[in-house]
1. If you build a Gaussian network model of the chain, linking Cα atoms that sit under 10 Å apart, which residue out of Val288, Val108, Val136 swings the most?
2. What whole number of Å gives the distance from the Cα centroid of the stretch 196-269 to the Cα centroid of the stretch 170-193?
3. Which whole-number percent is the relative contact order of the chain (Cα, under 8 Å, 6+ apart)?
4. Take every Cα pair under 8 Å in the stretch 182-270 that's 6+ residues apart, average their separations, divide by the length, and report that relative contact order as a whole percent.
5. As a test, work out the antiparallel percent of DSSP beta bridges whose residues both lie in the chain, rounded to the nearest 5.
6. With a 1.4 Å probe and all protein chains left in place, how much of the accessible area of the chain comes from carbon and sulfur atoms, in whole percent?
7. How much solvent-accessible surface does Met1 expose, in Å² to the nearest 10, with a 1.4 Å probe and all protein chains in place?
8. Quick check for you: with a 1.4 Å probe and neighbouring chains kept, what is the accessible area per residue of the stretch 54-140, in Å²?
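The values are calculated or read from the model by the stated rules, or taken from the named source; none is laboratory data. Since this is a predicted model, take the numbers as computed values, not measurements. Neighbour counts run over all protein chains shown; Cβ positions are idealised from the backbone, glycine included. Protein only, heavy atoms only, side chains kept; ligands, DNA and RNA dropped before computing areas. Shrake-Rupley method; radii C 1.70, N 1.55, O 1.52, S 1.80 Å.
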Amino acid sequence: MSRSALLWAALNMHFAASPGRRQRFFAATGRGGAGWSSFLEPLVSELHPGWEQAARAELDRARSLGACVVTLEDAGYPALLRASSDPPWLLYVWGGLQPEDSLSIAVVGSRRATPHGLEVARGLGRGLSASGYTVVSGLARGIDAAAHAGALEGGGRTIAVLGSGLDRIYPVEHRRLAESIARRGAVVTELPFGASPLKRHFPERNRVIATLSWATVVVEAARDSGSLITADLAADEGRSVYAVPGAVDDRNAEGTNGLLRAGALVCRSAADVLEDIAPQIADAARAVAAARPGGAAGSGSSAPDAGAPDAEGLTTDERRVLSRLPRTRGVGIETLAETCGLAPGPLLATLLQLELRGLARQLPGRRFTSTACKI
């Protein structure tokens, strides 16, 4: 068990009750741009003398429960989450995260959903999953549970983000749903073992849902719904926000109709999201869907192989971005956007496609570099 893994676990437990301090420390240190050890070691002074033993016990407990821990410096940490302004320092993962989970769409909404809202959420989950996207939601009653169930029916993957520790599945009646999700995707949380589903944990959980995903779809939401926090956080990160329109006199539609008035995109079904998503992401999702058992027969498509870099068949944008990626040190996303003349959304989509093809990789500090492959 490495020292850095122990430090990540200890610091994550230490800052679990004070996310504001965690975020300030992260912003002040330059996101680990000079190497993660230069970020971690100065924070040891924050920890109590027995931190190493406590961290070791925490990681041992994860292993004993069949879970794993993925930290910011691990290659398996979700790329979209790492690129956000306030990524979790680690994730406890029950199940498994896959490269294809970079193609994620969040579906969220009211716990007190109407029968129509549940039907829409289930249809969205099913349609997005069948089209190669991973459906992200919060395992809550109502819209969240319907979206997860639909994703499982669609034959794809789904990720549930908790507002509690992995040992405190909430709500308890969704334990069997969580087990199904872990078999076909992942149940994740940044909160340590023993953390209860406290009210203050859910805005932090919503931030993870929003930043794990390219877009967030709000199905039903009252005026004070927590899913509106998820939508706001997604918009703050430059991710697309969709809302399902509802009747003007429906309290469960006050929030979604308000989002539409504020500029959110209209979502009537999965087709609306699929039509709007950047072409680079859509191409990758189609390849993922075709590669699944029972996928598009005879299409000849297959999932991109990150282990075999291939520069053939790149789009104009992909070649432009790849030509401006350095081989060493890496370049920040803001600088890259300026030199390539691309907006952040299309640029992130292009970088994702290059990563899936094994031509680019992300470094600590939201910096990108090319691999050794020549174009």
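1. Val288
2. After rounding, the separation between the Cα centres reads 22 Å.
3. 14
4. Once divided by the residue count of the stretch 182-270, the mean separation gives 25 percent.
5. Numbers: 15 of 34 bridges.
So the antiparallel bridges amount to about 45 percent of the total.
6. The value for the chain is 52 percent carbon and sulfur by accessible area.
7. 100
8. On a per-residue basis, 35 Å².
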